[in-house]
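Q: Got a structure for you, questions after.
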Amino acid sequence: MKIFKIIICIKQVPMVSELPWDAKTGTLKREMAQGMMDPSSRRAVEAGLQIKETRAAAGEQTHITALSMGPPMAAEILYQAKALGADRGVLLSDRRMAGADTFLTSFILAEYIKRQAPDVDLVLCGSQTSDSETAQVGPQLAGELSIPAIGYASDINVQENLVRVQRHVDDFLELLEMDLPGLVTIDQGAYEPRYTSLGGVQDAFEPGAFESGAFEDDASEDADIIQVDAKGLGLDGTFNAVKDSPTRILDVYSPTTQKENIVLKGAPKTVVDQLFDEYGKIISSAMGKDLKTHGHTRE
Ligand SMILES: Cc1cc2nc3c(=O)[nH]c(=O)nc-3n(C[C@H](O)[C@H](O)[C@H](O)COP(=O)(O)OP(=O)(O)OC[C@H]3O[C@@H](n4cnc5c(N)ncnc54)[C@H](O)[C@@H]3O)c2cc1C
């Protein structure tokens with residue numbers, strides 16, 4: 001019986017409460033923040049698990065690989081994915097991959113899939129992450145793999161060699177059909193994630209579950225979570241994500257607003273006249289209406 005193969009891309013993001021920045025490079029100091037699974041990726045995991053359960057009820061087999069690129073600490077979210085029900089976790093990690101922009105992130109994820117999982121049926125991604133939310137990785141990954149993609153899915157129904165995908169667009173519901181293999185990104189409001197069960201956590205942390213540095217072929221059968229470096233992916237010795245990324249973050253800053261308190265004094269008519277003389281234009285633009293057309297002109 002054919003096993004339906006799903007790869008779910010998951011990213012570790014810093015807890016929203018702690019976001020230390022490297023002001024020089026404009027990148028997050030991820031190693032200093034406690035990590036968690038990106039909420040959007042978590043919904044993609046839930047979508048994969050529900051597909052697996054639906055297929056299991058029909059007597060069909062599904063294999064789920066959770067795939068992440070990140071620093072070694074990102075292995076934590078692979079354990080979590082395993083605890084939730086993924087069959088395998090793969091961490092793509094190497095100092096030379098650090099600082100990748102979305103273009104290289106998608107390229108590296110694609111290199112793994114092309115080399116180690118060319119027979120994948122369905123790739124799932126979150127729609128956009130909570131830390132940089134570019135929403136570019138899913139579509140770019142589909143481009144790298146030369147497979148079709150549908151974004152912002154609220155429901156996925158796997159058929160023989162295709163998926164039927166429902167998505168909300170403004171006030172409409174769209175029902176789309178796409179040949180497989182293909183990639184789907186999950187809408188932020190869909191597939192409410194389940195809780196991690198204690199039994200799942202116990203399974204995920206079984207001895208021998210993790211093998212660092214092993215390429216999938218070399219990893220022992222027991223290794224449910226493996227780590228692959230740049231060499232293991234076949235990236236040449238000169239590869240360097242910071243240098244090779246075609247986009248760069250030039251600056252990251254919070255926009256500032258200027259506030260001033262003004263007290264208008266005098267008789268009511270004087271105050272209203274003064275208000276419209278000095279602030280008429282600002283009030284009009286804030287209201288999106290020309291005040292002159294609404295009977296507020298003085299003459
Ligand atoms: C503030 C800030 C702004 C940035 N702006 C840009 C920018 O404009 N252009 C640019 O090229 N880079 C940018 N980056 C770099 C960017 O964060 C990384 O390239 C990152 O790995 C992917 O981008 P994202 O988090 O926006 O992914 P998104 O495209 O928002 O992620 C969507 C989904 O793709 C998958 N995914 C994303 N990253 C990974 C991963 N590492 N491993 C596995 N699956 C993954 C997940 O399923 C995720 O839910 C920015 C970084 C920061 C901190």
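The values are calculated or read from the model by the stated rules, or taken from the named source; none is laboratory data. Worth saying up front: this structure is predicted, and the values here are computed from it rather than measured. With ideal geometry, Cβ positions are generated from the backbone for all residues, glycine too; neighbour counts draw on all protein chains shown. Side chains included, ligands, DNA and RNA excluded: accessible areas come from the protein's heavy atoms. Shrake-Rupley method; radii C 1.70, N 1.55, O 1.52, S 1.80 Å.
Q: Using a Gaussian network for the chain with springs between C-alpha atoms less than 10 Å apart, which of these wobbles most: Asp187, Asp236, Asp277?
A: Its mean-square fluctuation being the largest, the pick is Asp277.
Q: Roughly how much of Tyr191 is accessible, in Å² to the nearest 10, using a 1.4 Å probe?
A: It works out to around 30 Å².
Q: Name the most mobile residue of Gln274, Gln61, Gln227, meaning the one with the largest mean-square fluctuation, in a Gaussian network model of the chain with Cα contacts below 10 Å.
A: Result: Gln274 has the largest fluctuation of those listed.
Q: How large is the helix-only mean residue ellipticity at 222 nm for the chain, computed as the sum of -39500 (n - 2.57) over DSSP H runs with n ≥ 4, divided by its residue count, in deg cm²/dmol to the nearest 500?
A: -8500 deg cm²/dmol
Q: Averaging sequence separations of C-alpha pairs under 8 Å and six or more residues apart, then dividing by the length of region 4-244, give the relative contact order as a whole percent.
A: 24
Q: Okay, next question. In whole percent, and with a 1.4 Å probe on the protein chains, what portion of the accessible area of region 163-204 is carbon and sulfur?
A: Heavy-atom surface of region 163-204 belonging to carbon and sulfur, 1.4 Å probe: 50 percent.
Q: Rank these residues by their accessible area, most exposed first, probe 1.4 Å: His63, His168.
A: His168, His63
Q: Taking the Cα centre of the chain as origin, work out the dipole magnitude from +1 charges on Lys and Arg Cβ and -1 charges on Asp and Glu Cβ, in debye rounded to 20.
A: Using Cβ point charges on Lys, Arg, Asp and Glu, the chain gives about 1040 debye.
Q: Karplus couplings for region 171-181 from phi (6.51 cos²θ - 1.76 cosθ + 1.60, θ = phi - 60°), rounded to Hz, Gly and Pro as x?
A: In residue order, the calculated couplings are 9, 10, 10, 9, 10, 10, 10, 9, 5, 9, x Hz.
Q: Calculate the FRET efficiency for Gln258 and Gln188 from the Cβ-Cβ distance with a Förster distance of 30 Å, rounded to the nearest 0.05.
A: The pair Gln258/Gln188 has a calculated efficiency of 0.35.
Q: Let me ask something additional. Say the dipole of the chain comes from +1 at the beta carbon of Lys and Arg and -1 at that of Asp and Glu; which of Val165, Ala100, Ser146 then lies farthest toward its positive end?
A: Ala100
Q: So, for the chain, what is the accessible surface per residue at a probe of 1.4 Å, expressed in square angstrom?
A: That works out to 58 Å² for each residue.
Q: Which sequence of Glu174, Glu111, Glu53 reflects their accessible areas, 1.4 Å probe, from the largest down?
A: Ranked from most to least accessible, the order is Glu53, Glu174, Glu111.
Q: Pick from Ile108, Ile156, Ile262 the residue whose mean-square fluctuation is largest in a GNM of the chain, springs joining Cα atoms under 10 Å.
A: Sorting by GNM fluctuation, first place goes to Ile262.
Q: Still on this structure: If ligands, DNA and RNA are left out, what is the accessible area of Lys243 with a 1.4 Å probe, given in Å² to the nearest 10?
A: 130
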